[in-house]
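Each reported figure results from applying straightforward, stated rules to the coordinates on display, with no laboratory input. Just so we're clear, the structure is a prediction, and the values are computed from it rather than from any experiment. For neighbour counting, all protein chains shown are included, and Cβ atoms are generated from backbone atoms with ideal geometry for every residue, glycine included.
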Amino acid sequence: MRLIYFSTAPFIGVGYGVTSRALVPRMKADGHEVKIATKHHLGGQIVIEGMECFDGGELNVVNAVAKKEGYDYILSGNDLWAFSAFNALGKIDKELLAACIYLDTEWIHPHMINAAKECKFQIAVTRHGERELKRVGFNPIYAPLGVDTKLFRPDPELRKEFRKRKNWEDDTFVIGFVGINYKTDRKNIVGLLKAFQKFHNEFPKSILYLHTDIFGSTAEGLPLNWIMNACGFDPEGKGAVHIVDQTSYHLWNISQDELVGLYNAFDVFCFPTQGEGFGLPLVEAQACGCPIITTETTSGAELCKGGLLIHADENYYEFSTLKTWFLKVPMLEIYKKLKIMHKIWDAGKMGKYQKAAREGMLEYDWDVVYDKYWRPLLKTLEEAKRPTALRTMQPDWRYLHNVMNGRMTFQGKGDCGQFGCKDVCNYEFKHFKTETKDDRPVLSKSYPIFSNKEGKLVVDIRCGLSKWLTPRFIEEVALLWKELWSFPRIREEVIELWDSGYFDEKHFVPLESINHDFDETYAKIMQTGYYTIFSLTDEIVDLLKPYGNKVLDVGCGDGKRVKELREKGFDAIGAEINSNWVDNEIIVKGDAYNLPFEDTSFDVVMCIDVLEHLKDPLLALKELFRVTKKVVLLQVTTPIDISFKEDATHCVDWSPIQWEREVSEFGIIKQRMVNKQTWLIEKI
């Protein structure tokens with residue numbers, strides 16, 4: 001294809017420019033002809049490292065160049081907010097425009113909706129953006145940004161060298177920040193300074209390093225030097241708050257290598273942003289093995305792999321000058337997370353966070369995200385340019401893969417052994433001839449249900465999951481095969497597979513003949529923790545210890561958590577209604593509606609992934625708070641979790657917000673964890 005990539009020039013050091021420098025050469029290597037339209041130089045054309053750039057300051061000029069020179073698309077890497085008053089989008093032909101949408105608000109702005117309507121393709125760079133765009137009626141393509149993990153990597157020697165150069169001693173706790181200083185303070189630098197003021201008073205052996213414009217001139221930002229002075233810090237960065245050399249910062253003289261050294265030198269990267277369209281500094285810091293603290297709003301929750309999340313809920317939002325809702329994180333919440341991270345650092349336990357940060361960012365390596373997301377995206381754009389007659393001869397594979405995206409990991413060669421099949425299917429699932437190869441084949445996604453040669457759905461009864469086909473899954477598979485069967489070429493391929501012996505007919509029965517009996521065996525499997533994302537981390541243990549030693553785990557299943565609690569010094573027992581697990585020593589027979597204990601028998605009561613399986617969860621909640629003296633640690637699985645649809649025993653489909661409203665009638669929420677689905681509630 002012939003593409004105009006409309007974004008920041010590749011020689012500019014901000015995230016958009018870094019992305020241009022990473023993405024354009026990969027597109028060119030794939031055989032696409034790409035020219036960059038940039039607003040960062042005026043007039044004429046220049047070539048930078050083999051990338052041809054021209055002045056894209058006027059959208060009508062960009063549109064005219066695209067049409068005159070016969071480009072297939074204007075692929076915009078710019079933020080839609082950057083289009084002047086959004087009206088300038090009208091100067092670009094809608095049929096030419098495929099635009100990245102960076103959603104840095106929790107809810108999509110009406111202006112952003114209008115702007116997105118002017119694009120032929122909407123590209124969501126975060127899962128949060130993808131969800132919001134779908135909510136308002138778009139069908140976006142998900143394609144995240146990336147990081148060069150070969151450059152941005154942990155380097156102990158570089159850390160020593162950089163800290164020595166900055167005169168940062170080994171026993172000094174260094175908090176880092178990298179980001180643009182906006183006049184709206186979207187990055188929440190003022191909140192960070194106030195939090196650090198309180199933190200530094202308690203832990204004087206600490207430094208805050210700000211890699212940003214201090215004077216507010218680059219993006220009409222705030223005069224941070226004044227604010228530093230108001231907080232009691234030296235405004236020139238000679239005290240507890242250090243600042244990047246302002247001349248180098250404004251002249252873009254700071255190399256990527258220098259940033260790698262900076263991230264390695266930090267003990268924690270604190271980014272208490274109000275919202276991020278993507279959040280490239282979070283990715284870069286973690287790729288260097290630096291743990292992070294950030295907010296769970298917008299992209300924060302999905303990008304945080306090694307670190308702590310500052311909770312965000314509807315009570316934290318306020319209406320801003322941008323005429324939309326932005327998060328406003330209280331200074332105290334930032335301080336609390338800094339204090340927790342300092343405690344982890346002081347105990348010498350940062351290693352697991354550093355490892356998780358690095359490993360989590362490998363999936364955002366540019367080679368990975370380009371191959372997995374951007375290359376298929378470009379194929380989709382290219383396919384849309386083909387004549388309609390050719391396009392209608394094959395399915396919309398992206399749509400069909402999205403239909404089945406809720407499936408967990410046990411299709412085909414996954415974790416299905418625990419369901420009793422013992423890996424007997426032995427399928428090497430094939431892709432259909434026209435199916436994109438960047439994803440698992442739809443045959444694996446529909447397993448153990450397939451279509452037979454007549455287009456009727458049949459089930460492989462060797463698969464243990466054939467006994468427990470949830471209504472949602474059956475509905476999705478039926479939709480998938482209805483679409484596939486409407487294509488003559490796909491029908492031919494399915495018939496060929498049956499005729500070749502790929503499917504052994506003797507193992508298949510009609511779908512309608514299956515008796516879906518969700519018996520005790522199924523319940524036992526569900527209780528092994530297969531779906532449970534909860535783990536007894538040091539952070540949770542530290543939260544529980546001040547409340548007391550005596551703990552009850554209601555609905556404890558096989559007792560794994562009870563044993564972990566005992567190993568960590570708690571006097572813990574479990575209550576379980578499923579007799580498969582009861583041993584009368586550490587696990588007693590107990591019904592969540594009627595627990596066999598006196599009032600206030602325990603300091604802490606835990607209940608993990610239980611209440612959503614009960615027809616009357618409020619009655620069970622009342623019991624939990626009856627037998628606790630102090631707190632309840634509660635986790636539920638809600639529809640925002642992809643595993644929700646896999647378990648047919650889920651009875652309650654409340655959102656996290658509704659759960660919070662219900663539990664708040666019994667106590668005060670002191671802590672929120674694990675993607676808004678886990679709460680520590682102090683008894684009223």
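Just in segment 190-298: which trypsin sites (Lys or Arg not before Pro) are loop by DSSP and have at most 14 other Cβ atoms within 10 Å? Walk me through the intermediate numbers first.
Values: sites: 194, 198, 205, 238; in loops: 205, 238.
Of the trypsin sites (Lys or Arg not before Pro), the ones in loops of segment 190-298 whose Cβ has at most 14 other Cβ atoms within 10 Å are 205, 238.
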ask   = For segment 2-142, what relative contact order do you get, as a whole percent, if you take Cα pairs closer than 8 Å and at least 6 residues apart?
value = 19
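Compute the Rg to Rh ratio over segment 156-361 from the alpha carbon atoms, using the Kirkwood formula for Rh, and round to two decimal places.
Values: Rg = 15.8 Å, Rh = 17.0 Å.
Result for segment 156-361 is an Rg/Rh of 0.93.
So how strong a dipole does segment 145-241 carry about its Cα centre when Lys and Arg Cβ are +1 and Asp and Glu Cβ are -1, to the nearest 20 debye? It would help to have the intermediate numbers written out before the result.
Working: 15 positive and 13 negative charges, 26 e Å.
With only Lys, Arg, Asp and Glu charged at Cβ, the dipole is about 120 debye.
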query = Taking +1 at the Cβ of each Lys and Arg and -1 at the Cβ of each Asp and Glu, which of 487, 377, 12 sits farthest along the dipole of the chain towards its positive end, judged by Cα position relative to the Cα centre?
reply = 12
message = Need the full-extension length gain, residue 505 to residue 64, defined as separation in residues times 0.36 nm minus the C-alpha distance. One decimal, nm.
response = 152.8 nm
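Determine the relative contact order of the chain: mean sequence separation of Cα pairs under 8 Å and six or more apart, normalised by residue count, in whole percent.
The normalised contact order for the chain reaches 8 percent.
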key: Placed amide H near residue 299: partners under 5 Å, 5+ positions off or other chain   = 276
query = So if we plug the beta-carbon distance of residue 665 and residue 184 into 1/(1 + (r/R0)^6) with R0 = 56 Å, what FRET efficiency do we get, rounded to 0.05?
reply = 0.95
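So what is the relative contact order for segment 156-361, in percent, with contacts set as C-alpha pairs under 8 Å and at least six apart? Show your work: numbers first, answer last.
Numbers: 361 pairs, mean separation 44.1, N = 206.
It comes to 21 percent, rounded to a whole number.
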request  = Mind putting a number on the dipole of segment 584-666 about its Cα centre? Charges go on the C-beta only, +1 for Lys and Arg and -1 for Asp and Glu, and I need it in Debye to the nearest 20.
outcome  = 180
remark   = Two pseudo-spin positions, 7 Å from Cα along C-beta at residue 654 and at residue 601, lie apart in nanometres by 2.4
ask   = So who's got an amide H within less than 5 Å of the one on residue 52, skipping anything under 5 residues away but keeping other chains? H placed 1.01 Å off N, in plane.
value = 36
key: Dipole axis of the chain (+1 Lys, Arg; -1 Asp, Glu on Cβ), positive-most option in 659, 351, 361   = 361
ask   = For the residue pair residue 622 and residue 332, what label-to-label distance in nm results when each label sits 7 Å from Cα along the Cα-to-beta-carbon direction?
value = 3.3
ask   = Taking θ as phi - 60°, what are the ³J(HN,Hα) couplings along segment 138-149 by the Karplus curve (6.51, -1.76, 1.60), each to the nearest whole Hz, with x for Gly and Pro?
value = 8, 10, x, 9, 8, 8, x, 7, x, 9, 7, 6
query = Roughly speaking, what is the centre-to-centre gap between segment 19-70 and segment 260-319 when only Cα atoms are used, to the nearest Å?
reply = 31
inquiry  = If the reach is capped at under 14 angstrom between alpha carbons, list the aspartates and glutamates near residue 150, excluding any in the same chain fewer than eight residues apart.
reply    = 257, 284, 359, 363, 365, 367
remark   = Going through 120/379; 589/622; 336/615; 372/445 one by one, the pairs whose alpha carbons sit over 26 Å apart turn out to be 336/615
ask   = Cα centroids of segment 457-505 and segment 183-202: how far apart, whole angstrom?
value = 56
message = Quick one: 3J(HN,Hα) in Hz for segment 16-24, Karplus 6.51/-1.76/1.60 with θ = phi - 60°, rounded, Gly and Pro as x.
response = 5, x, 4, 5, 4, 5, 8, 7, 4
ask   = Per the helix-only calculation at 222 nm, which mean residue ellipticity applies to the chain, given -39500 (n - 2.57) for every DSSP H run of n ≥ 4 and division by its residues, nearest 500 deg cm²/dmol?
value = -9000 deg cm²/dmol
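In the chain, what % of DSSP beta bridges are antiparallel (nearest 5)? Don't jump to the answer; show the numbers that get you there.
On the way: 25 of 83 bridges.
Here the antiparallel bridges make up roughly 30 percent for the chain.
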key: Rg in Å to one decimal, and Dmax rounded to a whole Å, for segment 87-203 via C-alpha atoms   = 20.7, 58
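In segment 2-142, what percentage of the DSSP-assigned beta bridges are antiparallel, given to the nearest 5? Write out the running numbers ahead of the final one.
Details: 4 of 25 bridges.
So the antiparallel bridges in segment 2-142 amount to around 15 percent.
Any idea what the dipole of the chain comes to, in debye rounded to 20, about its Cα centre with Lys/Arg Cβ at +1 and Asp/Glu Cβ at -1? Mind showing how you got there, number by number?
Values: 86 positive and 98 negative charges, 174 e Å.
For the chain, the charge dipole is close to 840 debye.
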inquiry  = Given points 7 Å out from each Cα along the Cα-Cβ axis, report the residue 456 to residue 318 separation in nanometres with one decimal.
reply    = 6.6
message = With θ taken as phi - 60° and the coefficients 6.51, -1.76 and 1.60, list the Karplus ³J(HN,Hα) couplings across segment 499-509 in order, rounded to whole Hz; mark glycine and proline as x.
response = 5, 7, x, 4, 9, 8, 4, 5, 9, 10, 10
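With a cut-off of at most 16 other beta carbons within 10 Å, and DSSP calling the residue loop, which GluC sites (Glu not before Pro) in segment 578-684 qualify? Please list them.
Values: sites: 585, 598, 612, 623, 646, 660, 662, 665, 682; in loops: 585, 598, 665.
Within segment 578-684, the qualifying GluC sites (Glu not before Pro) (loop, at most 16 other Cβ atoms within 10 Å) are 585, 598, 665.
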message = Using alpha carbons only, how many angstrom separate the centre of segment 140-179 from the centre of segment 575-647?
response = 43
Label zone at residue 161, where the point sits 7 Å out along the Cα-to-Cβ direction: segment 244-259 residues whose backbone N lies under 15 Å = 255-259
task = Would you please give the residues with an amide H less than 5 Å from that of residue 308, counting only those at least 5 places away or on a separate chain, with H modeled from the backbone geometry?
result = 292, 293, 294
